[in-house]
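The values are calculated or read from the model by the stated rules, or taken from the named source; none is laboratory data. It should be emphasised that the depicted structure is a prediction, and the values quoted were computed from it without experimental measurement. All Cβ positions, glycine included, derive from the backbone under ideal geometry; neighbour counts span all protein chains shown.
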Amino acid sequence: MKTIITLFTIFLISLQCSRFQFGSNQTKDETAGAVVTFLQGNISITSQGKENKAKIGDVLRPGDRIITKLGRVDLQTYRGEVIRVKDNSDILFRDIAGETKTNTDIHMLAGNLLVKSVKLKSGQNLSVTSPTMVAGVRGTVFSFELDKGSVPKVKVYEGAVSVAFKTSPKLVEINEGLSVENYNRLVKTLEENEVVLEPGETLEVNPNLNELVYLINAKVSANALTNEQLTGFLDLDNGLSKSQTVISPQEKAETETLVSITSETIKKQIERQNANPSEISKVDTIEKEHEVKRAEALNQIAKDAEKAGLDNEEEIHKHYSILETIHKSNGEVLSGAVVAQLGDIFIVHSTKGVFQLSVDDIEYVEYRNFKVNTKAKK
């Protein structure tokens, strides 16, 4: 499987160069980077072969990799994109936009991303790829999820995302057993399965199409892809499709917590790291700005919850599709739903009202037979 993934990664790089013009600007751009603006838990960054624990103010460069375990991290690029890498993710930043570099290319090996793009100009690109897929966006908010052994999941909250599979034109040249006619049919099948997702739509992937992509790359490695092996895949009509889905209040709230700080602060941090990479990051401004923006977002989420006017369990359950019991540290018990959580602050919509509670205010939260501890009991 590792060999297959590696091979398809090579294909995808070739694809992106032709489709999205990735790597078209070979001049080094010292401003190309993304700054860690917020994090929780255990996050590691690997840069130039060295792995370090992530901290606020760190600057990621093209080629750097982030691995999250029980934690998440928010990044903001020089161009202004905000990227949240969630728990249990393994992400490679193949390219990051800067002052002259036009592309941000994020490759997901596993995990879950929430991305908020800026409005891109002509020639600028933002893409998220997996070992079998490429998603290209322009000014949007979307999630991209990939569990090991499963097909990618994409959901759009704002704007639009184009999702497609592609193959390399070198496939015919290095495989004598594959006819030009069958190759052309294969490419046509894949290209016609490109879909554009809009707000409230999610991606549906035919597992056979994923299998096809892996098969192609495995067989290309052995120079052994034959017409017979392609027979079952050439007439796929339904490789990629889309379906309408509900954007839950919790999902909407999370997109609103994906806040950005001033571009001047991001640019100064990148410049500071360029001037003296070994210098301890000056993060006070980053922390303060992000804290203010977080508070504004959480306050708005709380106000929106209050406007809903829900004050009984049935209404809350219907609106949020869950019903939880929040056990506070002072012994008080609230019945309702956790609407949003960022950092140490929870927004709770209960039958007694809407509250902003810190992690120290909450002993644990129960959902049916599940219990989530927010801190170790004393």
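Of note:
- Among the residues making up the range 83-109, those that are surrounded by fewer than 20 Cβ atoms within 10 Å (Cβ to Cβ) and of a type in the set (S, T, N, Q) are 88, 100.
- Of all residues in the range 302-325, those satisfying the criterion of being in contact (Cβ under 8 Å) with a residue 40 or more places away in the chain and either of a type in the set (Gly, Ala, Ser) or touching a Leu at 6+ places or on another chain (Cβ under 9 Å) (or both) are 302, 305, 308, 319, 320, 321, 324, 325.
Table: residues versus (1) assigned to a helix (DSSP H, G or I); (2) under 25 Å from the mean Cα position of the chain (by Cα); (3) at pLDDT 95 or above; (4) surrounded by 14 or more Cβ atoms within 10 Å (Cβ to Cβ).
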| position | (1), (2), (3), (4) |
| --- | --- |
| 289 | yes, yes, yes, yes |
| 306 | yes, no, yes, no |
| 325 | no, no, yes, yes |
| 334 | no, no, yes, yes |
| 338 | no, yes, yes, yes |
| 349 | no, no, yes, yes |
| 371 | no, no, no, no |
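- For the range 116-124, the criterion of being over 27 Å from residue 188 (Cα atoms) and of a type in the set (A, V, I, L, M, F, W, C) is met by at least one residue.
- Leading residue by the ranking (modelled with the lowest pLDDT) among those in the range 158-179 that are buried (at least 19 other Cβ atoms within 10 Å of the Cβ) and outside any loop (DSSP other than H, G, I, E, B): 164
- Wholly enclosed strands (runs of 3 or more DSSP E) of the range 30-145 bearing at least 1 residues farther than 26 Å from residue 160 by Cβ, touching a Leu at 6+ places or on another chain (Cβ under 8 Å) and not polar (S, T, N, Q): 34-47, 65-77, 90-95
- Residue within the range 274-296 that is of a type outside the set (Lys, Arg), out of contact with any Asp or Glu (no Cβ under 8 Å at 6 or more places or on another chain) and under 23 Å from residue 363 (Cα atoms) present: yes
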